[in-house]
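Participant: Please find one structure pasted underneath; my questions will follow.
The values are calculated or read from the model by the stated rules, or taken from the named source; none is laboratory data. Since we're looking at a predicted model, the values are computed, not measured. All Cβ positions, glycine included, derive from the backbone under ideal geometry; neighbour counts span all protein chains shown.
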Amino acid sequence: MKMDRLIGILSILLQREAVTAPMLAKRFEVSVRTIRRDVDQLCRAGIPVVTKQGAGGGLSIMEGYKIDRTLLTGRELQDILAGLRSLDSVNGTNRYGMLMEKLSAGSSNFLSGSQSVFIDLSSWYKSSLAPKIELIREGIDTARELRFCYYSSSGEGERQIRPYYLIFRWSSWYVWGFCTARQDFRLFKLNRMDALALTDTRFEKQPAPLPDLQDERIFPGGICVKALFRPNCKWRLGEEFGVNCFTVQPDGRLLFHADYTNKENLLTWLLTFRDEAELLEPRELREELREALASVLKLYEEGK
């Protein structure tokens, strides 16, 4: 990919005094003409790349900017490597790992030493997410609209959007795009998308607002939960809400406090604890949960 190549060329230029265009072309398996276009693009982006003719010449960063060579430390470049490898964990390829191998071959030792940070962005849904991510990226790169069936709490329906950003947040993948039906920007969760397709409808990219990803904006809360859990639930409460979400009572039980967003999600979550959790507040939800449990019991008694 072009962006990979630009990052690679810049990294090599930051490490070496000079490098020839033919060497870069061989390294990245493209033509010398392509390398020259890439260098022109780096110059337009404000990177002062100069060309020296003759023996010992080649491409280099302008002498007055040599201090920029230390702009990224070895540890920072290791973090970049970890980030690139994390993208491989999503699409199931070794594309970015191969890029970093190309950069490290014959260059300085900025990639040497043990790698201490590994990021895995894959999930149980990796096999279905990878093709969706590739289609969305193609839609963004080529400015083509996407069509899909979307499942939400209000029902399901066909949507068509102009994609702008692919986002990983809250342990899930989302696409931020302009919904043609709503005539506004919306955030769509990839796991809720089905029959995703790239259309032939092209759009002119406009300055797009960034999504407001604050937790308070997406998960407004509003349900003040108070519940008692048995002591053996401590590990799970700590994992899901942090160890400060409860206080240990004299009898060993855990008094849990949290601000929850969705009533249905709350009731479903409590039911996963079976008889190890007791909802105290809100009182109206306690009553609703009691009625739901009575209905479940009746269902199973009838099943006998």
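Participant: Can you tell me which of 205, 226 is out of contact with any helix residue (DSSP H, G or I) (no Cβ under 7 Å at 6 or more places or on another chain), basic (Lys, Arg) and closer than 30 Å to residue 138 by Cα?
Facilitator: Numbers: 226 fails: closer than 30 Å to residue 138 by Cα.
That would be 205, the only listed residue that is out of contact with any helix residue (DSSP H, G or I) (no Cβ under 7 Å at 6 or more places or on another chain), basic (Lys, Arg) and closer than 30 Å to residue 138 by Cα.
Participant: Which of the residues that make up region 222-253 are assigned to a loop (DSSP other than H, G, I, E, B) and free of Cβ contacts under 8 Å to residues at least 12 places away in the same chain?
Facilitator: Of all residues in region 222-253, those assigned to a loop (DSSP other than H, G, I, E, B) come to 222, 230, 242, 249-253.
Those that are assigned to a loop (DSSP other than H, G, I, E, B) and free of Cβ contacts under 8 Å to residues at least 12 places away in the same chain: 242, 250, 251.
Participant: Would you mind stating whether residue 42 is more than 30 Å from residue 138 (Cα to Cα) and at pLDDT 80 or above?
Facilitator: On the way: more than 30 Å from residue 138 (Cα to Cα): no; at pLDDT 80 or above: yes.
Answer is no for this residue.
Participant: From 10, 42, 24, grab the single residue that is in contact (Cβ under 8 Å) with a residue 12 or more places away in the chain, within 28 Å of residue 134 (Cα to Cα) and either over 30 Å from the mean Cα position of the chain (by Cα) or assigned by TED's automatic domain parsing to the domain that holds residue 142 (or both). Steps first, please.
Facilitator: On the way: 10 fails: either over 30 Å from the mean Cα position of the chain (by Cα) or assigned by TED's automatic domain parsing to the domain that holds residue 142 (or both); 42 fails: either over 30 Å from the mean Cα position of the chain (by Cα) or assigned by TED's automatic domain parsing to the domain that holds residue 142 (or both).
The match here is 24.
Participant: From 204, 145, which residue is among the charged types (D, E, K, R), in a strand (DSSP E or B) and modelled with pLDDT of 90 or more? Talk me through it step by step, then tell me what you get.
Facilitator: Values: 204 fails: in a strand (DSSP E or B).
Exactly one residue qualifies, and that residue is 145.
Participant: Could you list, ordered by first residue, the pairs with Cβ atoms under 6 Å in which the first is in region 281-298 and outside the structural domain of residue 271 (by TED's automatic domain parsing) and at pLDDT below 90 and the second is part of a helix (DSSP H, G or I) and surrounded by 12 or more Cβ atoms within 10 Å (Cβ to Cβ), at least 6 apart or interchain?
Facilitator: Nothing qualifies.
Participant: Answer with yes or no whether residue 288 is assigned to a helix (DSSP H, G or I) and either within 30 Å of residue 168 (Cβ to Cβ) or not aromatic (Phe, Trp, Tyr) (or both).
Facilitator: Values: assigned to a helix (DSSP H, G or I): yes; either within 30 Å of residue 168 (Cβ to Cβ) or not aromatic (Phe, Trp, Tyr) (or both): yes.
Here the answer is yes, as residue 288 does meet what is asked.
Participant: Kindly indicate the residue of region 45-65 that is part of a helix (DSSP H, G or I) and over 34 Å from the mean Cα position of the chain (by Cα) and also modelled with the highest pLDDT among those meeting that condition. Talk me through it step by step, then tell me what you get.
Facilitator: In the first step, residues of region 45-65 are kept if they are part of a helix (DSSP H, G or I); the result is 63-65.
Going one step further and asking which of them are over 34 Å from the mean Cα position of the chain (by Cα), we end up with 63-64.
Numbers: 63: 69, 64: 61.
Once the filter is applied, the top-ranked residue is 63.
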